[in-house]
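Enquirer: Sending over a structure as structure tokens; questions will come in a sec.
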Amino acid sequence: MALDPLPQLQTIFGFPAFRGVQEQVVTRVLAGERTLAVMPTGAGKSLCYQLPSAMLEGTCVVVSPLIALMHDQLRAATAVGLRAATLTSVDENKAETRGRYLDGALDLLYVAPERASTADFRDLLERGRPALFAIDEAHCVSEWGHDFRPDYRLLRPLLDAFPEVPRLALTATADAHTRADILDQLGIPHDGMIVAGFDRPNIRYAIRPKDNTTRQIADVVRDTPGPGIVYVQTRAATEKMAAQLTAITGRPVRAYHAGLDPSVRARNQADFVASEDMVMCATVAFGMGIDKPDVRFVAHAGLPKSIEAYYQETGRAGRDGDPAVAHLFWGAEDFARARQRIGEVEQHRQPGERQRLAALGALVETAGCRRAILLRHFGEHPPERCGNCDNCLSPPAALDATETARKYLSAVFRTGQMFGATYIEQVLTGQSSERSLMNGHEQLSVWNIVDGEEVALLKPVGRALLLKDALRTNHHGGLEFGPAARALLKGEATLPLVEPPKREHRRGARAGAGATPNPVDDPVFEGLRACRRELAKEAGVPPYVIFHDSALREMAALRPTSLAALGRIAGVGQRKLDAYGQAFLDVLKGAG
């Protein structure tokens, strides 16, 4: 007899119905079938194994890549009444956890792939009853994935040792090649793959060239209320950016990188997870382990590693489904450094890395819809316009800058391919200096051949030539020809240029309608948030573990007067109703 998951969905999680493909995935798991679920961040992947864990006999073993992520998921599972534990290097109750597993007293057991692949752990499982293997962040199993973890490759023997136990792989970030590799590596049939789609319609994408990056990001921080993440390329830059943003914006800002003292790093992360307004400046080491649903913006202070990385990192915004924004600020030097790094990796990986960089180039320089490029990268067929990215909301002007590009390349060539962009611009605009006189460059045919409105094109043209690999920077910072230069000079290629619309910054402006969790400034909602804050502090958990903002908004709108009515609000399961329901009813009653 087939198990019906809907009553448990309502009782445990407080949801009246499944979202998206959740029901398909849960149905396959309960039927004992092997499944790969590709679902966007915020689509409810964890529910796809948490719900079966409450219905199947035995324990669901969840393989997860980071301890912080496991502990976040542990808090969320425990909050809805599931019996859960982690078995990690930092846990001091390992013996108790093993005993609970052997006694059949665990619904969920979270472990890292390093532990899961050991003989000791397999022996433990054999003495108990595993009911399901859930492999989270499953793209880590693939060399084609952007977060490859070799230990994920060692999971297959464990899975095959329990052939009757269903296995569920989950990821938000996998192109077609990576998906095929996951299926092969984890022994999942092709017809077991469920792809929900990659669109995150609540995220507004915006991409601009760098122009005083600190000021640009400070504008984002000032204009966007709620928690945010700023990704910075280096460890030192995260601390510098955090200090600058604190001084400029007055917002609480912390730094996070692998070089910090572990206690400082852990404290900063814990404070961010618990905060309703903090900004974290971090390297990409931060994020995968953060299951925080109310991040309202993600800003990149430079180029991410790939479109997959960009999609995953921006996907940390708006996991609760509320509006969020993703800003990327890029420079030509980002592409130059990326090409240098490609030259340092193994030869067989270089073509794939060049393809990834070219895909990023297409994303940042397009005059079309950003979302469409992202979704096509993952094999989807989106509409031409999404209506929620910078180019759709404010279409940029496009122009043919080929002639200016030829002048620029000619100046690079005639000055010996040894000078940087600033000097090349001085030559083209006829700015005399001791260096230009000494080198005799004022006698060149390219001296002072750019004037008027064309001068404003020089910086974006230089950026575009570096992006397209028509120019490269040498070790001394000088510009030299790249492989794409010849076609431009011979008239076999053109250089279209996108001019982004000028941003009119208004101090105190909010970044988009709905960016705030309380868009109508409802005092009842603020009262509910204050109640949630106190309950979270007492329980030692982040506020979102109590209830999401969406549940509080629904409470404020419907004003339930009984526990039964409160229990009908989405996200209010029985455990939370029993624990917190009366406190929120008291707030609503006091509001009249």
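Enquirer: How many residues, within the range 143-182, are assigned to a helix (DSSP H, G or I) and of a type outside the set (Phe, Trp, Tyr)?
Expert: 16
Enquirer: Please pick out the residue among Arg100, Arg75, Arg28 that is out of contact with any Asp or Glu (no Cβ under 8 Å at 6 or more places or on another chain), among the charged types (D, E, K, R), at pLDDT 95 or above and closer than 29 Å to Asp199 by Cα.
Expert: One residue alone meets the criteria, Arg28.
Enquirer: Yes or no: the range 332-350 includes at least one residue that is touching a Pro at 6+ places or on another chain (Cβ under 9 Å), part of a loop (DSSP other than H, G, I, E, B), open to solvent by less than 30 Å² (accessible area, probe 1.4 Å) and at pLDDT below 90.
Expert: Checking the range 332-350: not a single residue is touching a Pro at 6+ places or on another chain (Cβ under 9 Å), part of a loop (DSSP other than H, G, I, E, B), open to solvent by less than 30 Å² (accessible area, probe 1.4 Å) and at pLDDT below 90.
Enquirer: Additional query: Do we find a residue being without any contact (Cβ under 8 Å) to a residue 60 or more places away in the chain and within 12 Å of the chain's Cα centre (by Cα) anywhere in the range 287-309?
Expert: Yes - at least one qualifying residue is present in the range 287-309.
Enquirer: Continuing with this model, one more query. If you take the residues in the range 564-592 that are more than 26 Å from Phe18 (Cα to Cα) and part of a loop (DSSP other than H, G, I, E, B), which one is least open to solvent (accessible area, probe 1.4 Å)?
Expert: Taking the range 564-592 first, the residues more than 26 Å from Phe18 (Cα to Cα) are 582-583, 585-592.
Next, from what is left, pick out any that are part of a loop (DSSP other than H, G, I, E, B): 591-592.
Details: Ala591: 51, Gly592: 90 Å².
Ranking the qualifying residues of the range 564-592, first place goes to Ala591.
Enquirer: On to the next question. Need at least 2 residues that are of a type in the set (Val, Ile, Thr) and surrounded by 16 or more Cβ atoms within 10 Å (Cβ to Cβ) per element, so show me which helices (runs of 4 or more DSSP H) inside the range 19-136 make the cut, counting only ones lying wholly within it. Explain how you work it out, then say what you get.
Expert: Numbers: elements: 22-30, 47-55, 67-79, 94-102, 113-116, 119-126.
Because the criterion is at least 2 residues that are of a type in the set (Val, Ile, Thr) and surrounded by 16 or more Cβ atoms within 10 Å (Cβ to Cβ), the helices (runs of 4 or more DSSP H) in the range 19-136 that meet it are 22-30, 67-79.
Enquirer: Restricting attention to the range 255-269, which residues are closer than 14 Å to Thr238 by Cα and not in a helix (DSSP H, G or I)?
Expert: Ala255, Tyr256, His257, Ala258, Gly259, Leu260
Enquirer: Go through the range 423-454 and count every residue that is under 13 Å from Ala401 (Cβ atoms) and open to solvent by 60 Å² or more (accessible area, probe 1.4 Å).
Expert: 1
Enquirer: If you don't mind, another one. List, please: which pairs have Cβ atoms under 7 Å, are six or more places apart or on different chains, and start with a residue in the range 174-200 that is within 11 Å of Phe378 (Cβ to Cβ) and end with one that is of a type in the set (S, T, N, Q) and surrounded by 16 or more Cβ atoms within 10 Å (Cβ to Cβ)?
Expert: Filtered contacts from the range 174-200: Thr178/Ser142.
Enquirer: Name the one entry in Ala105, Ala84 that is over 28 Å from the mean Cα position of the chain (by Cα) and over 30 Å from Arg371 (Cα atoms). Show your work before the answer.
Expert: On the way: Ala84 fails: over 28 Å from the mean Cα position of the chain (by Cα).
After ruling out the rest, the residue left standing is Ala105.
Enquirer: Residues that are surrounded by 19 or more Cβ atoms within 10 Å (Cβ to Cβ) and closer than 25 Å to Arg376 by Cα: does the range 242-252 have at least one?
Expert: Looking through the range 242-252, none of the residues is surrounded by 19 or more Cβ atoms within 10 Å (Cβ to Cβ) and closer than 25 Å to Arg376 by Cα.
Enquirer: Can you name the number of the only condition in (1) touching a helix residue (DSSP H, G or I) at 6+ places or on another chain (Cβ under 7 Å); (2) open to solvent by 10 Å² or more (accessible area, probe 1.4 Å) that Lys305 fails?
Expert: (1)
The values are calculated or read from the model by the stated rules, or taken from the named source; none is laboratory data. Here the structure is a predicted model, which means the values were calculated and not measured. Reconstructed Cβ throughout: ideal geometry from the backbone, glycine too, with neighbour counts over all protein chains shown. Ligands, DNA and RNA are stripped out before the accessible areas are found, and what is left, the full protein with its side chains, is counted by its heavy atoms. Shrake-Rupley method; radii C 1.70, N 1.55, O 1.52, S 1.80 Å.
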